[in-house]
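Written below as structure tokens is the structure these notes are about.
The values are calculated or read from the model by the stated rules, or taken from the named source; none is laboratory data. Here the structure is a predicted model, which is why all the values come from computation and not from measurement. So basically every Cβ, Gly included, is an ideal-geometry build from the backbone, and we count neighbours across all protein chains shown. Ligands, DNA and RNA are stripped out before the accessible areas are found, and what is left, the full protein with its side chains, is counted by its heavy atoms. Shrake-Rupley method; radii C 1.70, N 1.55, O 1.52, S 1.80 Å.
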Amino acid sequence: MEHPKYKIALIVGAGEGLSASLARLLSAQGIRVALAARKIEKLGALCGETSAKAYACNATEPEEVERLFGLVEREIGTPDLVVYNASGRTRGPFVDLVPADVANAIAVSAYGGFLVAQQATRRMLPNKHGAILFTGASASVKGYAQSASFAMGKFALRGLAQSLARELSPQGIHIAHFVIDGGIKSAARTEATDKPESMLDPDAIAESYWNVLQQPRSAWSWELELRPWVEKF
């Protein structure tokens, strides 16, 4: 059974965690990788390791997102795989939240996803081929106390993904949303010694993204939940 083939990936909201694991995996599969983030200074080592190219971009600004896609097209090629991995949040008691901070958090988590997906879709539709992946969180389906802005943004991103899956899947574009239900392990965030494997390994998450990308279109997933085996849900 033939699996879809991707040539150029763009990861928006790139950093040192899941995005880095995705960049390494995709690069190892022979896919050229572009990384986008507001600040790209910390991406130098990852670019050297994966031969990726980094682009500065504020995903909440339409003009910057359009410019990003134009640059990637000219310098690498048209992305046929796009991952939206950015998110914003502001925590605290509901009555103390600053409206401007909440608006920005929602913009990063959801509006930026809309802008990126729109630019990606315009380029994928002519070929009826491509994939757009959205990184969600526990907050995509559960609104926690003192985390209203994150819940609003992630709920909206999930709604966007579901709507796009229904509209674009019949046109050959694979849309998938991933509910990352648990903490992701990193150098700065490690597991307690008495709770091994209690956090998600970013490399393991990346493998799940790749598995979804390899699905034949007769059996596509639009959403996948991922959590450690000991995580309560």
Checklist outcome for this item: Here the residues within the stretch 194-233 that are open to solvent by 80 Å² or more (accessible area, probe 1.4 Å) and closer than 23 Å to E16 by Cα are P196, E197, D203, E207, N211, E225
Item to check | Test: residue in the stretch 116-134 that is at positive phi, out of contact with any Gly (no Cβ under 7 Å at 6 or more places or on another chain), open to solvent by less than 10 Å² (accessible area, probe 1.4 Å) and not β-branched (V, I, T) | outcome: yes
Checklist outcome for this item: Inside the stretch 27-45, the number of residues satisfying the requirement of being more than 22 Å from V65 (Cα to Cα), in contact (Cβ under 8 Å) with a residue 12 or more places away in the chain and open to solvent by less than 80 Å² (accessible area, probe 1.4 Å) is 1
Checklist entry - Quick check, is L71 under 21 Å from G113 (Cα atoms) and open to solvent by less than 20 Å² (accessible area, probe 1.4 Å)? => result no
Checklist entry - What residue, of V65, V72, is part of a helix (DSSP H, G or I), modelled with pLDDT of 95 or more and in contact with a Cys (Cβ under 9 Å, 6 or more places away or on another chain)? => result V65
